[in-house]
Amino acid sequence: MNNPIPYGRQNITEEDIQVVVETLKSDFLTQGPRIAEFEEDFASYVGSEYAVAVSNGTAALHLCALALDVKPGDKVITTPITFAASANCVRYCGGEVVFADIDTETYLLDINSVRQLLKSSPKGTYSGIIPVDFAGRAVNLEDFRKLAEEYELWIIEDSCHAPGGYFIDSKEQKQLCGNGKFADLAIFSFHPVKHIASGEGGMITTNDKELYEKLLSLRTHGILKNNDKYKNSIDFAGGDQEYPNWYMEMQDLGYNYRLTDFQAALGSSQLKRADQRLKRRREIAEIYFNAFKQRNFVKGQSGIVSGHAYHLYIIEVENRLGLYNYLREHKIFAQIHYIPCHLMPYYRDYGWKQGDMPKAENYYKACISLPMYPTLTEEEQNYVIEKVNSFYE
(Lines give C-alpha, C1' and ligand atoms only; values in the text may rest on other atoms or scores of the structure.)
Protein backbone atom coordinates (compact mmCIF):
# COMPACT_ATOMS: atom_id res chain seq x y z
CA MET A 1 0.00 0.00 0.00
CA ASN A 2 1.72 3.18 -1.18
CA ASN A 3 -0.47 5.83 0.43
CA PRO A 4 -0.80 6.13 4.22
CA ILE A 5 -4.14 5.19 5.76
CA PRO A 6 -5.18 7.52 8.61
CA TYR A 7 -7.76 6.62 11.26
CA GLY A 8 -10.08 9.34 9.93
CA ARG A 9 -10.29 11.64 6.93
CA GLN A 10 -12.55 14.40 5.61
CA ASN A 11 -14.09 14.25 2.16
CA ILE A 12 -14.62 17.61 0.43
CA THR A 13 -16.46 17.44 -2.90
CA GLU A 14 -16.65 19.92 -5.76
CA GLU A 15 -20.18 20.75 -4.61
CA ASP A 16 -18.80 21.63 -1.16
CA ILE A 17 -16.13 23.84 -2.70
CA GLN A 18 -18.63 25.61 -4.94
CA VAL A 19 -20.99 26.49 -2.10
CA VAL A 20 -18.10 27.88 -0.03
CA VAL A 21 -16.87 29.96 -2.98
CA GLU A 22 -20.38 31.33 -3.53
CA THR A 23 -20.55 32.33 0.14
CA LEU A 24 -17.12 33.98 0.00
CA LYS A 25 -18.37 36.06 -2.93
CA SER A 26 -21.55 37.07 -1.09
CA ASP A 27 -22.15 40.06 1.18
CA PHE A 28 -21.63 38.04 4.38
CA LEU A 29 -18.65 36.16 5.75
CA THR A 30 -20.11 35.84 9.25
CA GLN A 31 -23.49 36.31 10.97
CA GLY A 32 -25.24 36.01 7.64
CA PRO A 33 -28.04 33.86 6.21
CA ARG A 34 -25.99 30.68 5.91
CA ILE A 35 -25.92 30.35 9.71
CA ALA A 36 -29.70 30.21 10.06
CA GLU A 37 -29.92 27.86 7.07
CA PHE A 38 -27.45 25.42 8.65
CA GLU A 39 -29.21 25.61 12.01
CA GLU A 40 -32.60 24.88 10.48
CA ASP A 41 -31.26 22.01 8.37
CA PHE A 42 -29.46 20.45 11.29
CA ALA A 43 -32.41 20.75 13.68
CA SER A 44 -34.53 19.02 11.07
CA TYR A 45 -31.91 16.29 10.62
CA VAL A 46 -31.79 15.33 14.32
CA GLY A 47 -35.44 16.13 15.07
CA SER A 48 -34.97 18.96 17.58
CA GLU A 49 -36.91 22.20 17.92
CA TYR A 50 -33.88 24.49 17.96
CA ALA A 51 -30.23 24.49 16.92
CA VAL A 52 -27.46 27.01 17.61
CA ALA A 53 -24.32 26.98 15.47
CA VAL A 54 -21.07 27.78 17.27
CA SER A 55 -17.34 27.87 16.61
CA ASN A 56 -16.51 24.31 17.75
CA GLY A 57 -17.68 21.44 19.92
CA THR A 58 -15.78 22.67 22.97
CA ALA A 59 -17.46 26.06 22.71
CA ALA A 60 -20.79 24.22 22.46
CA LEU A 61 -20.08 22.38 25.71
CA HIS A 62 -18.99 25.56 27.47
CA LEU A 63 -22.11 27.43 26.38
CA CYS A 64 -24.29 24.54 27.56
CA ALA A 65 -22.69 24.65 31.00
CA LEU A 66 -23.17 28.43 31.12
CA ALA A 67 -26.79 28.22 29.99
CA LEU A 68 -27.50 25.65 32.72
CA ASP A 69 -25.86 27.97 35.26
CA VAL A 70 -23.04 25.68 36.33
CA LYS A 71 -21.17 27.52 39.07
CA PRO A 72 -18.36 26.94 41.57
CA GLY A 73 -19.18 24.03 43.84
CA ASP A 74 -21.59 22.31 41.45
CA LYS A 75 -20.79 18.62 40.94
CA VAL A 76 -21.34 17.10 37.51
CA ILE A 77 -20.94 13.45 36.54
CA THR A 78 -19.38 12.29 33.28
CA THR A 79 -17.42 9.42 31.76
CA PRO A 80 -13.63 9.10 31.84
CA ILE A 81 -13.60 7.66 28.30
CA THR A 82 -14.11 10.79 26.24
CA PHE A 83 -12.22 13.74 24.85
CA ALA A 84 -11.24 16.07 27.70
CA ALA A 85 -13.68 18.82 26.64
CA SER A 86 -16.64 16.79 27.94
CA ALA A 87 -15.28 17.28 31.44
CA ASN A 88 -13.46 20.58 30.99
CA CYS A 89 -16.66 22.51 30.26
CA VAL A 90 -17.64 22.04 33.90
CA ARG A 91 -14.26 23.32 35.07
CA TYR A 92 -14.56 26.40 32.84
CA CYS A 93 -17.48 27.41 35.06
CA GLY A 94 -15.75 26.48 38.30
CA GLY A 95 -17.74 23.29 38.83
CA GLU A 96 -16.38 19.97 40.06
CA VAL A 97 -16.08 16.99 37.70
CA VAL A 98 -16.95 13.58 39.14
CA PHE A 99 -16.18 10.57 36.97
CA ALA A 100 -18.22 7.36 36.91
CA ASP A 101 -16.98 4.16 35.33
CA ILE A 102 -17.97 2.72 31.95
CA ASP A 103 -19.96 -0.32 30.86
CA THR A 104 -17.46 -2.84 29.51
CA GLU A 105 -19.84 -4.01 26.76
CA THR A 106 -20.80 -0.61 25.35
CA TYR A 107 -17.81 1.58 26.40
CA LEU A 108 -20.45 4.17 27.47
CA LEU A 109 -21.05 5.80 30.84
CA ASP A 110 -22.46 3.05 33.10
CA ILE A 111 -25.83 4.11 34.49
CA ASN A 112 -25.36 1.76 37.45
CA SER A 113 -22.12 3.52 38.39
CA VAL A 114 -23.91 6.86 38.16
CA ARG A 115 -26.83 5.57 40.23
CA GLN A 116 -24.44 4.36 42.92
CA LEU A 117 -22.79 7.78 43.10
CA LEU A 118 -26.17 9.47 43.49
CA LYS A 119 -27.46 7.01 46.10
CA SER A 120 -24.31 7.32 48.20
CA SER A 121 -24.65 11.11 48.61
CA PRO A 122 -27.38 13.38 50.00
CA LYS A 123 -29.92 14.48 47.42
CA GLY A 124 -28.84 17.78 45.88
CA THR A 125 -25.13 16.89 45.92
CA TYR A 126 -25.01 16.70 42.12
CA SER A 127 -26.29 19.15 39.50
CA GLY A 128 -26.10 17.28 36.22
CA ILE A 129 -24.86 14.44 34.04
CA ILE A 130 -22.90 14.58 30.76
CA PRO A 131 -23.27 11.21 28.98
CA VAL A 132 -21.21 10.79 25.80
CA ASP A 133 -22.28 8.93 22.66
CA PHE A 134 -18.76 7.57 22.51
CA ALA A 135 -17.45 6.28 19.15
CA GLY A 136 -20.94 6.86 17.70
CA ARG A 137 -22.89 4.49 19.95
CA ALA A 138 -26.00 6.20 21.33
CA VAL A 139 -26.51 6.36 25.08
CA ASN A 140 -29.94 5.17 26.21
CA LEU A 141 -31.04 8.59 27.40
CA GLU A 142 -34.52 7.42 28.34
CA ASP A 143 -33.01 5.54 31.27
CA PHE A 144 -30.74 8.45 32.19
CA ARG A 145 -33.70 10.85 32.04
CA LYS A 146 -35.62 8.80 34.62
CA LEU A 147 -32.59 8.86 36.89
CA ALA A 148 -32.08 12.58 36.33
CA GLU A 149 -35.68 13.37 37.21
CA GLU A 150 -35.41 11.34 40.41
CA TYR A 151 -32.44 13.41 41.53
CA GLU A 152 -33.43 16.71 39.86
CA LEU A 153 -30.48 16.80 37.48
CA TRP A 154 -30.02 18.27 34.02
CA ILE A 155 -28.47 16.32 31.12
CA ILE A 156 -26.06 17.50 28.42
CA GLU A 157 -25.70 14.87 25.69
CA ASP A 158 -22.24 14.97 24.13
CA SER A 159 -23.08 13.64 20.68
CA CYS A 160 -19.96 14.81 18.84
CA HIS A 161 -19.41 11.27 17.57
CA ALA A 162 -22.98 10.46 16.66
CA PRO A 163 -24.99 12.65 14.27
CA GLY A 164 -27.51 10.27 12.73
CA GLY A 165 -27.09 7.77 15.56
CA TYR A 166 -30.02 6.57 17.61
CA PHE A 167 -31.23 4.20 20.32
CA ILE A 168 -34.51 2.31 20.57
CA ASP A 169 -36.66 3.40 23.52
CA SER A 170 -39.04 1.37 25.70
CA LYS A 171 -41.85 1.89 23.18
CA GLU A 172 -39.69 0.54 20.33
CA GLN A 173 -39.34 4.05 18.92
CA LYS A 174 -36.14 5.29 17.30
CA GLN A 175 -34.67 8.20 19.28
CA LEU A 176 -32.09 10.19 17.32
CA CYS A 177 -29.06 11.58 19.10
CA GLY A 178 -29.64 15.25 19.85
CA ASN A 179 -33.43 15.26 19.34
CA GLY A 180 -33.96 16.90 22.73
CA LYS A 181 -36.56 14.48 24.05
CA PHE A 182 -34.48 13.28 26.98
CA ALA A 183 -31.50 15.66 27.25
CA ASP A 184 -31.83 19.34 28.10
CA LEU A 185 -29.10 20.16 25.59
CA ALA A 186 -27.02 18.18 23.09
CA ILE A 187 -23.83 19.12 21.29
CA PHE A 188 -22.11 18.16 18.04
CA SER A 189 -18.71 18.81 16.46
CA PHE A 190 -17.80 19.47 12.82
CA HIS A 191 -14.07 18.81 13.10
CA PRO A 192 -12.68 17.35 9.84
CA VAL A 193 -12.66 13.71 11.00
CA LYS A 194 -16.29 13.88 12.14
CA HIS A 195 -19.33 12.87 10.06
CA ILE A 196 -19.93 16.46 8.94
CA ALA A 197 -16.87 18.64 8.38
CA SER A 198 -16.81 22.43 8.35
CA GLY A 199 -13.13 22.91 9.24
CA GLU A 200 -14.06 23.69 12.80
CA GLY A 201 -17.56 24.18 14.10
CA GLY A 202 -20.17 22.93 16.49
CA MET A 203 -23.90 22.80 17.09
CA ILE A 204 -26.14 22.81 20.15
CA THR A 205 -29.64 21.36 19.91
CA THR A 206 -32.51 21.68 22.37
CA ASN A 207 -36.29 21.71 22.67
CA ASP A 208 -36.22 24.34 25.42
CA LYS A 209 -36.99 27.81 24.07
CA GLU A 210 -35.61 29.61 27.14
CA LEU A 211 -32.28 27.78 26.91
CA TYR A 212 -32.21 28.41 23.15
CA GLU A 213 -32.58 32.17 23.61
CA LYS A 214 -29.95 32.19 26.33
CA LEU A 215 -27.51 30.36 24.06
CA LEU A 216 -28.05 32.89 21.26
CA SER A 217 -27.05 35.66 23.62
CA LEU A 218 -24.10 33.86 25.22
CA ARG A 219 -22.46 32.96 21.88
CA THR A 220 -22.30 36.67 20.98
CA HIS A 221 -20.83 38.43 24.03
CA GLY A 222 -24.12 38.28 26.00
CA ILE A 223 -25.49 40.97 23.69
CA LEU A 224 -29.11 41.31 22.66
CA LYS A 225 -30.05 43.27 19.56
CA ASN A 226 -33.54 44.18 18.30
CA ASN A 227 -34.99 42.35 21.27
CA ASP A 228 -38.05 42.94 23.43
CA LYS A 229 -36.25 41.75 26.58
CA TYR A 230 -33.92 44.67 27.18
CA LYS A 231 -33.24 45.04 30.88
CA ASN A 232 -32.31 48.67 31.15
CA SER A 233 -31.92 50.88 28.07
CA ILE A 234 -29.10 53.40 28.29
CA ASP A 235 -30.88 56.75 28.55
CA PHE A 236 -28.46 58.91 26.57
CA ALA A 237 -28.12 56.26 23.83
CA GLY A 238 -31.73 56.70 22.84
CA GLY A 239 -32.75 53.06 22.99
CA ASP A 240 -34.35 50.87 20.40
CA GLN A 241 -37.19 53.29 19.77
CA GLU A 242 -34.85 55.95 18.40
CA TYR A 243 -32.33 53.58 16.79
CA PRO A 244 -34.26 50.60 15.41
CA ASN A 245 -32.20 47.76 13.93
CA TRP A 246 -29.06 49.11 15.56
CA TYR A 247 -29.50 49.42 19.31
CA MET A 248 -28.02 46.58 21.42
CA GLU A 249 -27.40 45.77 25.05
CA MET A 250 -24.88 43.49 26.74
CA GLN A 251 -26.90 41.81 29.47
CA ASP A 252 -24.64 38.89 30.43
CA LEU A 253 -20.96 38.01 30.22
CA GLY A 254 -20.89 36.09 26.95
CA TYR A 255 -18.28 34.99 24.45
CA ASN A 256 -17.47 35.22 20.76
CA TYR A 257 -18.32 31.63 19.85
CA ARG A 258 -19.84 32.37 16.45
CA LEU A 259 -19.48 30.25 13.32
CA THR A 260 -18.67 31.91 10.00
CA ASP A 261 -21.06 31.84 7.05
CA PHE A 262 -18.65 29.96 4.78
CA GLN A 263 -18.19 27.27 7.46
CA ALA A 264 -21.96 27.01 7.80
CA ALA A 265 -22.30 26.74 4.03
CA LEU A 266 -19.81 23.86 4.03
CA GLY A 267 -21.65 22.22 6.91
CA SER A 268 -25.01 22.45 5.12
CA SER A 269 -23.50 20.98 1.96
CA GLN A 270 -21.95 18.10 3.89
CA LEU A 271 -25.21 17.49 5.74
CA LYS A 272 -26.92 16.66 2.45
CA ARG A 273 -24.73 13.56 2.16
CA ALA A 274 -24.76 12.62 5.84
CA ASP A 275 -27.06 9.61 5.50
CA GLN A 276 -25.12 8.24 2.55
CA ARG A 277 -21.86 8.52 4.49
CA LEU A 278 -23.41 7.02 7.60
CA LYS A 279 -24.54 4.02 5.54
CA ARG A 280 -20.98 3.53 4.31
CA ARG A 281 -19.58 3.73 7.87
CA ARG A 282 -21.95 0.95 8.91
CA GLU A 283 -20.84 -1.17 5.97
CA ILE A 284 -17.20 -0.75 6.98
CA ALA A 285 -18.06 -1.63 10.58
CA GLU A 286 -19.76 -4.85 9.52
CA ILE A 287 -16.71 -5.92 7.52
CA TYR A 288 -14.43 -5.29 10.51
CA PHE A 289 -16.78 -7.14 12.85
CA ASN A 290 -16.97 -10.23 10.68
CA ALA A 291 -13.21 -10.21 10.11
CA PHE A 292 -12.40 -10.18 13.83
CA LYS A 293 -15.28 -11.98 15.55
CA GLN A 294 -13.49 -15.37 15.61
CA ARG A 295 -10.02 -14.04 16.44
CA ASN A 296 -8.65 -15.05 19.85
CA PHE A 297 -6.48 -11.95 20.13
CA VAL A 298 -9.55 -9.69 20.01
CA LYS A 299 -10.97 -9.28 23.51
CA GLY A 300 -13.79 -6.95 22.45
CA GLN A 301 -14.90 -4.73 19.58
CA SER A 302 -17.43 -2.09 18.65
CA GLY A 303 -19.58 -4.74 16.98
CA ILE A 304 -22.82 -4.41 15.03
CA VAL A 305 -25.22 -2.29 17.03
CA SER A 306 -28.53 -0.80 15.92
CA GLY A 307 -28.21 2.96 15.62
CA HIS A 308 -24.42 3.09 15.96
CA ALA A 309 -22.99 6.03 13.98
CA TYR A 310 -19.43 4.60 13.88
CA HIS A 311 -17.28 7.65 14.21
CA LEU A 312 -14.76 5.06 15.43
CA TYR A 313 -14.37 1.33 15.09
CA ILE A 314 -12.56 0.00 18.14
CA ILE A 315 -11.08 -3.39 18.88
CA GLU A 316 -9.56 -4.45 22.19
CA VAL A 317 -6.43 -6.54 21.73
CA GLU A 318 -3.49 -8.12 23.48
CA ASN A 319 -0.18 -6.27 23.06
CA ARG A 320 -1.87 -3.09 21.89
CA LEU A 321 1.38 -1.12 21.81
CA GLY A 322 3.04 -3.71 19.58
CA LEU A 323 0.11 -3.68 17.15
CA TYR A 324 0.00 0.13 17.13
CA ASN A 325 3.66 0.40 16.12
CA TYR A 326 3.44 -2.50 13.66
CA LEU A 327 0.56 -0.81 11.84
CA ARG A 328 2.48 2.46 11.69
CA GLU A 329 5.41 0.65 10.11
CA HIS A 330 2.98 -0.37 7.38
CA LYS A 331 1.58 3.16 6.94
CA ILE A 332 -1.65 2.45 8.87
CA PHE A 333 -2.13 5.24 11.38
CA ALA A 334 -4.52 3.75 13.90
CA GLN A 335 -5.36 5.85 16.95
CA ILE A 336 -6.11 5.42 20.66
CA HIS A 337 -9.39 6.75 22.08
CA TYR A 338 -8.89 7.77 24.86
CA ILE A 339 -6.52 8.05 27.78
CA PRO A 340 -9.03 8.09 30.67
CA CYS A 341 -9.71 11.69 31.62
CA HIS A 342 -9.31 11.08 35.34
CA LEU A 343 -5.67 10.04 34.75
CA MET A 344 -4.74 13.23 32.92
CA PRO A 345 -2.25 15.23 35.02
CA TYR A 346 -4.76 18.07 35.40
CA TYR A 347 -7.40 15.82 36.97
CA ARG A 348 -4.84 13.89 39.01
CA ASP A 349 -4.15 17.22 40.72
CA TYR A 350 -7.76 17.08 41.94
CA GLY A 351 -7.19 13.71 43.59
CA TRP A 352 -8.07 11.21 40.86
CA LYS A 353 -5.70 8.26 40.64
CA GLN A 354 -5.07 4.96 38.94
CA GLY A 355 -7.50 2.36 40.22
CA ASP A 356 -10.44 4.77 40.60
CA MET A 357 -12.08 3.68 37.32
CA PRO A 358 -10.96 0.05 36.82
CA LYS A 359 -13.23 -0.71 33.85
CA ALA A 360 -12.17 2.42 31.97
CA GLU A 361 -8.51 1.75 32.76
CA ASN A 362 -8.68 -1.87 31.56
CA TYR A 363 -10.40 -0.71 28.38
CA TYR A 364 -7.66 1.85 27.76
CA LYS A 365 -4.91 -0.77 28.05
CA ALA A 366 -6.38 -2.74 25.13
CA CYS A 367 -8.27 -0.33 22.83
CA ILE A 368 -7.20 0.72 19.35
CA SER A 369 -9.25 2.61 16.76
CA LEU A 370 -8.95 1.28 13.22
CA PRO A 371 -9.31 3.46 10.10
CA MET A 372 -12.95 4.47 9.73
CA TYR A 373 -14.18 6.98 7.18
CA PRO A 374 -16.60 6.78 4.23
CA THR A 375 -13.94 7.00 1.52
CA LEU A 376 -11.95 4.08 2.93
CA THR A 377 -11.74 1.69 -0.01
CA GLU A 378 -12.31 -2.05 0.06
CA GLU A 379 -8.65 -2.57 -0.84
CA GLU A 380 -7.50 -0.33 2.01
CA GLN A 381 -9.75 -1.98 4.57
CA ASN A 382 -8.65 -5.46 3.51
CA TYR A 383 -5.05 -4.31 3.88
CA VAL A 384 -5.75 -3.08 7.42
CA ILE A 385 -7.40 -6.39 8.35
CA GLU A 386 -4.55 -8.36 6.80
CA LYS A 387 -1.93 -6.45 8.78
CA VAL A 388 -3.81 -6.77 12.08
CA ASN A 389 -4.08 -10.53 11.54
CA SER A 390 -0.48 -10.92 10.41
CA PHE A 391 0.82 -9.22 13.56
CA TYR A 392 -0.69 -11.97 15.72
CA GLU A 393 0.23 -14.94 13.48
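The values are calculated or read from the model by the stated rules, or taken from the named source; none is laboratory data. For clarity, every value in this text was computed on a predicted model and none was experimentally measured. All Cβ positions, even for glycine, are placed from backbone atoms using ideal geometry, and neighbour counts span all protein chains on display. All accessible areas refer to the heavy atoms of the entire protein, side chains included, with ligands and DNA or RNA removed. Shrake-Rupley method; radii C 1.70, N 1.55, O 1.52, S 1.80 Å.
The single condition from (1) touching a helix residue (DSSP H, G or I) at 6+ places or on another chain (Cβ under 8 Å); (2) of a type outside the set (Gly, Ala, Ser); (3) within 24 Å of GLN175 (Cα to Cα) that PRO340 fails is (3). When ILE332, ILE304, ILE314, ILE234 are checked against the criterion of being surrounded by fewer than 20 Cβ atoms within 10 Å (Cβ to Cβ), at pLDDT 95 or above and of a type in the set (Val, Ile, Thr), ILE304 stands alone in meeting it. Scanning the range 212-227 for residues that are aliphatic (A, V, I, L, M) and either closer than 19 Å to ALA265 by Cβ or open to solvent by 20 Å² or more (accessible area, probe 1.4 Å) (or both) gives LEU216, ILE223, LEU224.
Taken over the range 165-181, residues that are in contact with a strand residue (DSSP E or B) (Cβ under 7 Å, 6 or more places away or on another chain) and either under 19 Å from ILE129 (Cβ atoms) or open to solvent by less than 20 Å² (accessible area, probe 1.4 Å) (or both) amount to 7.
Within the option set ALA162, ALA138, being under 17 Å from GLY178 (Cα atoms), at pLDDT 95 or above, assigned to a loop (DSSP other than H, G, I, E, B) and open to solvent by 10 Å² or more (accessible area, probe 1.4 Å) holds for one residue only, ALA138. Would you check if GLN270 is modelled with pLDDT under 65 and of a type in the set (S, T, N, Q)? So GLN270 fails the test. Sub-7 Å Cβ pairs linking a first residue in the range 317-336 that is free of Cβ contacts under 8 Å to residues at least 60 places away in the same chain and among the hydroxyl-bearing types (Ser, Thr, Tyr) to a second residue that is assigned to a loop (DSSP other than H, G, I, E, B) and open to solvent by less than 50 Å² (accessible area, probe 1.4 Å), at least 6 apart or interchain, are TYR324/ALA334, ordered by first then second residue. Quickly run through the range 178-199 and pick out the residues that are within 14 Å of the chain's Cα centre (by Cα), part of a loop (DSSP other than H, G, I, E, B) and within 18 Å of ARG273 (Cα to Cα). The answer is PHE190, HIS191, PRO192, VAL193, LYS194, HIS195, ILE196, ALA197.
Looking at the range 348-393, which of its residues are more than 25 Å from GLY322 (Cβ to Cβ) and either touching a His at 6+ places or on another chain (Cβ under 7 Å) or open to solvent by less than 10 Å² (accessible area, probe 1.4 Å) (or both)? TRP352, ASP356 - these are the residues of the range 348-393 that are more than 25 Å from GLY322 (Cβ to Cβ) and either touching a His at 6+ places or on another chain (Cβ under 7 Å) or open to solvent by less than 10 Å² (accessible area, probe 1.4 Å) (or both).
Residues that are assigned to a helix (DSSP H, G or I) and either surrounded by fewer than 16 Cβ atoms within 10 Å (Cβ to Cβ) or on the phi < 0 side of the Ramachandran plot (or both) within the range 115-135 comprise ARG115, GLN116, LEU117, LEU118, LYS119, PHE134, listed in sequence order.
Consider ALA309 carefully, then state whether it is of a type in the set (A, V, I, L, M) and more than 23 Å from GLN276 (Cα to Cα). Judged against the criteria, ALA309 is not a match.
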